[in-house]
Amino acid sequence: IDLRLPAGTITALVGPTGSGKSTLADVVVGLVPASSGSVALAPGPRSIVFQEAFLIAGSVRANVAFGTHAATEQIWDALHRAAADEFVRALPEGLDTIVGERGESLSGGQRQRVALARALVRHPSILVLDDTTSALDPATETVILDRLRASLEATVLMIASRPSTIALADGVVFMSGGRIAAHGTHHELLAQEPGYREIVEAFEADRSGVR
């Protein structure tokens with residue numbers, strides 16, 4: 001792997017199952033050490049948000065502030081950037097609404113956004129999203145990525161399998177067989193990389209139910 005991600009950009013990580021996407025993401029956030037070479041990161045916290053959002057059985061406030069001393073204003077700011085503030089305000093007790101075991105009282109998309117807010121309240125310099133917005137509609141997903149980009153606070157690396165998500169990124173890293181096969185914009189790779197075009201078309205067919 002030889003990769004440089006400019007600070008403040010959003011990069012989509014795309015590839016077939018087993019191509020190394022999750023391993024690369026784990027190396028970036030420090031969950032897995034690099035077996036050789038080096039990883040140089042901007043100073044600051046690193047956060048990762050997984051597709052299956054894990055929430056504790058407490059309140060929205062407790063879930064977002066978990067492990068920090070975040071003030072109410074900071075929690076609301078993180079919820080806003082995760083496009084979660086509106087639905088949280090509509091809950092019976094707002095921030096103090098109990099979400100239940102693993103967040104059972106919330107929808108899948110709501111759980112993902114609360115988990116994202118928990119990462120954002122830490123003001124990470126590196127934010128890895130492991131198909132984190134998969135349960136969201138495209139409009140909400142666009143709002144979230146636009147807000148992340150506008151803040152210019154984090155460098156975002158997102159594993160993505162939805163064409164609409166991939167197209168929103170500043171750049172795309174296409175992985176195959178544990179290596180980077182291509183790196184460019186979504187439109188550049190569609191035009192120049194047959195393997196990339198094939199997998200994006202497969203993503204589109206899978207989501208439309210075509211077999």
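The values are calculated or read from the model by the stated rules, or taken from the named source; none is laboratory data. Fair warning: this is a prediction, and the values are worked out from it, not measured in the lab. Here the Cβ positions follow ideal geometry from the backbone for every residue, glycine too, while neighbour counts run over all protein chains shown. Quick note on the areas: whole protein, heavy atoms, side chains included, nothing else; ligands and nucleic acids left out. Shrake-Rupley method; radii C 1.70, N 1.55, O 1.52, S 1.80 Å.
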Task: Paired Rg and Dmax values of the stretch 1-49, which use every Cα atom, in angstrom - done: 11.3, 31
Task: VAL39-SER105 FRET efficiency (beta carbon distance; Förster radius 41 Å; 0.05 resolution) - done: 0.60
Task: Estimated Rh, the stretch 123-178: Kirkwood, alpha-carbon pairs, angstrom - done: 12.0
TODO: Keeping the other protein chains in place, figure out the carbon and sulfur percent of the accessible area of the chain, with a 1.4 Å probe.
DONE: 51
TODO: Taking all pairs of distinct Cα atoms, average 1/r, flip it, and tell me the Kirkwood hydrodynamic radius of the stretch 168-208 in Å to one decimal place.
DONE: 10.6
Task: GluC sites (Glu not before Pro) lying in DSSP loop within the stretch 83-157, provided at most 15 other Cβ fall within 10 Å - done: GLU93, GLU104
TODO: Tell me what the chain gives for mean residue ellipticity at 222 nm when only DSSP H runs of n ≥ 4 count, each as -39,500 (n - 2.57), the sum divided by the residue total, rounded to 500 deg cm²/dmol.
DONE: -11500 deg cm²/dmol
TODO: Hey, could you grab the Kirkwood Rh for the stretch 58-112? Inverse mean 1/r over distinct alpha carbon pairs, Å, one decimal.
DONE: 11.2
- [ ] Could you pull out every residue, at least 5 positions away or on a different chain, whose amide H is within less than 5 Å of the one on THR185? Hs are placed 1.01 Å off N in the peptide plane, and Pro or chain starts have none.
- [x] VAL172
Task: Sequence-distant residues sharing a close amide H with THR155 (under 5 Å, placed H) - done: GLY8, ILE126, LEU127
Task: Beta bridge orientation in the chain: antiparallel %, DSSP, nearest 5 - done: 25
Task: Cβ crowding within 10 Å averaged over residues, with 67-79, 168-180 ranked highest first - done: 168-180, 67-79
Task: More than 20 Å apart - percent of Cα-Cα pairs taken over the stretch 1-110 - done: 53
TODO: Determine the distance separating the Cα centre of the stretch 112-143 from the Cα centre of the stretch 12-78; give it in Å without decimals.
DONE: 10
TODO: Two decimals is fine: what's Rg over Rh for the stretch 71-149, C-alpha atoms, Kirkwood radius as Rh?
DONE: 0.94
Task: Accessible area of the chain divided out per residue, in Å², using a probe of 1.4 angstrom - done: 50
Open item on the list: Using each residue's phi in the stretch 104-116, evaluate 6.51 cos²θ - 1.76 cosθ + 1.60 at θ = phi - 60° and report the 3J(HN,Hα) Karplus result to the nearest Hz, with x for Gly and Pro.
Closed with: 4, 7, 9, 6, x, x, 5, 4, 4, 6, 5, 5, 5
Task: q = 0.11 Å⁻¹, the chain: log10 I(q)/I(0) [Debye, one scatterer per Cα] - done: -0.53
